Amino acid sequence: MENLLTKTPVTLTEGAIIAVRKLMDAEGFDHSQKLRFGVKGGGCSGMTYVLGFEQATDKDQHFEIEGIPCVMDRSHELYLSGMEVDWQDGLNNRGFTFRNPNASNTCGCGTSFAV
């Protein structure tokens, strides 16, 4: 049974929402998958962000951002609560960026952090 949160633990900027919707509109996209926010060990600061489309599991908390179905392992909310994901489309940086109020240290590339 889905446990749908009314308040989202993370947010997406308008640019990130547009980028995610483009991915979802691509030919061959599996609409049974949900946008997963998470963390895993590794990276130069200790933990790395996970952002991608996957099937939901029994451990997941379900939520929606602007109609985008999202999931997060309940144990990851401790590290990601309040995080904002943005999309950068500049000459030097292109891709998703993460602003995490729980991070005590972030690496130069912005994809790993410490708490």
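A short reminder: the numbers here are calculations on the coordinates, not readings from a lab. Bear in mind the structure is a predicted one, so any value in this text is a computation, not a measurement. Because the Cβ atoms are built from the backbone with ideal geometry, glycine has one as well, and the counts that use them run over all protein chains shown.
For the pair residue 30 and residue 11 in one chain, pulling the backbone fully straight at 0.36 nm per residue adds 4.6 nm over the alpha carbon distance. Extending 7 Å from Cα along the Cβ direction at residue 62 and again at residue 102 yields two label points whose distance is 2.2 nm. Straight-line cross-link reach from residue 22 at under 19 Å between alpha-carbon atoms covers these lysines, not counting any fewer than eight positions away in the same chain: 34. The residues 37, 96, when put in order of fewest to most other Cβ atoms within 10 Å, stand as 96, 37.
Annotation: extensible slack from residue 84 through residue 50 equals 10.9 nm (criterion: 0.36 nm per residue apart, minus Cα-Cα distance). Listed from fewest to most Cβ neighbours within 10 Å, the set 99, 36 follows the order 99, 36. Taking 25 °C and 0.890 mPa s as conditions, the stretch 10-114 diffuses translationally at an estimated 172 µm²/s according to Stokes-Einstein applied to its Kirkwood radius (Cα pairs).
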